[in-house]
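See structure below.
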Amino acid sequence: MTRLRLTKEQARRIAVRAQLLDAHRPDDLLATVRQLTMLQIDPTAAIAPAADLVAWSRLGSTYRPEQLRDALEVERSLFEHNALVRPMSDVGLYLAAAADWPPYERHRDWLRSNDAFRRDVLNRLRTDGPLTSRDIPDAATVPWASTGWTNNRNVTQMLECLMMRGEVAVSGRAGRERLWDLADRVYPADVVVPSGPEAGRIKNERRLRALGIARARTTAMPVEPIDVGETGVPAEVEGTRGVWRVDPAALDDGELEGRTALLSPFDRLVHDRTRALELFDFEYTLEMYKPAAKRRWGYFALPVLHGDQLVGKIDAAADRRSGVLRVNAVHEDVPFARDMSAAVDAELDDLAAWLGLHAVKRG
């Protein structure tokens, strides 16, 4: 197949449009999640929870977090699975691997040793669900051993294993705690589950549609891959090495009508740090896990998109006690022109208003 030849500008336009970050804002949460394929859940809320911040950056201030909660818990048009929110219409794609879960012998041994515990969890959910993990007694025969935070967290580990096996599902949340129930009470009764290879192909197609341009193979990532296999069409991008894959439906059709956007550190436009560097010349690291003295940009710095360029980071935090959005620093990767500064200030004002804060306070 003949390879496309793209400029970096064309590649960036493809990526920005695919992520719904051009001037034509979507107006529907479900349609937005279908295009993006997922929203990531993360408990960090220095400004707002990651899923809400990504939704706001697309939909604007008409978006309210209650919409996401209703879609998950009332309408069931979205579902939570493995720390990601996805369209319920895609649930079969993520049940396709359920029969083969878990993939590692250590996990399989642990489940076999705790089969009575597994049956107890399912019986309790059948009788009393939905329940939080703390509502379920730990009846493990063999404790879960880990050098990390999951050590001896037997109930949580069992629930997450059963989620991946398609036996239980997240029904909702009580605050930040997940509510668990039997999967057949959460997922539709008529779910079509494709074969594993077919599910993999469709997921690659969905992911490429959401990214616009990606690599066929790259570094393995936890939770959600960043590569797309052989789907799409091959392309070369000036100034980069190797072959890219491009969604043919996203090919550049002229000038980008762009806008300025403040992005979550978990935003898929920047989540693949290597791609962000190759296509946008944008260096970024989420620094909340670093000691304060070693941070370059801040605890939860927001990448700044302007048109088809990532131009800086904003170190900001929601000070809800004082009722202000604090902007500790604006890091300009390129000098901000007057119109760029004005657009960033307007986005900060919109963000503060959406958060219900009274003002933006610098310094």
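Values as computed for the structure displayed
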quantity	calculated
Unique residue being touching a Gly at 6+ places or on another chain (Cβ under 8 Å) and open to solvent by less than 20 Å² (accessible area, probe 1.4 Å) when the list is 97, 169, 183	183
Whichever residue in region 69-93 is out of contact with any strand residue (DSSP E or B) (no Cβ under 7 Å at 6 or more places or on another chain) and assigned to a helix (DSSP H, G or I) and, among such residues, is surrounded by the most Cβ atoms within 10 Å (Cβ to Cβ)	93
Residue list for region 186-208, restricted to those being surrounded by 20 or more Cβ atoms within 10 Å (Cβ to Cβ) and more than 22 Å from residue 167 (Cβ to Cβ)	204, 206, 207, 208
Selection status of residue 133, over 22 Å from the mean Cα position of the chain (by Cα), over 30 Å from residue 16 (Cβ atoms), among the small types (Gly, Ala, Ser) and open to solvent by 50 Å² or more (accessible area, probe 1.4 Å)	no
Filtered residues of region 311-332 (kept if open to solvent by less than 10 Å² (accessible area, probe 1.4 Å) and under 24 Å from residue 283 (Cβ atoms))	311, 312, 313, 314, 316, 327
Among the candidates 284, 289, 299, residue that is in contact with a Lys or Arg (Cβ under 7 Å, 6 or more places away or on another chain), at negative phi and assigned to a loop (DSSP other than H, G, I, E, B)	284
Residues located in region 340-355, provided they are small (Gly, Ala, Ser) and either touching a strand residue (DSSP E or B) at 6+ places or on another chain (Cβ under 6 Å) or outside any helix (DSSP H, G or I) (or both)	343, 352
Selection from region 178-196 of residues that are at pLDDT 95 or above and not in a loop (DSSP other than H, G, I, E, B)	178, 179, 180, 181, 182, 183, 184, 185, 186
Odd one out for residue 96, checked against (1) touching a Pro at 6+ places or on another chain (Cβ under 6 Å); (2) aliphatic (A, V, I, L, M); (3) closer than 28 Å to residue 354 by Cα	(3)
Region 333-342, subset of a type outside the set (Asp, Glu) and touching a residue at least 12 places away in the same chain (Cβ under 8 Å), residue surrounded by the most Cβ atoms within 10 Å (Cβ to Cβ)	340
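The values are calculated or read from the model by the stated rules, or taken from the named source; none is laboratory data. Since this is a predicted model, take the numbers as computed values, not measurements. Neighbour counts run over all protein chains shown; Cβ positions are idealised from the backbone, glycine included. Please note that ligands, DNA and RNA were not included when accessible areas were found on the heavy atoms of the full protein model with its side chains. Shrake-Rupley method; radii C 1.70, N 1.55, O 1.52, S 1.80 Å.
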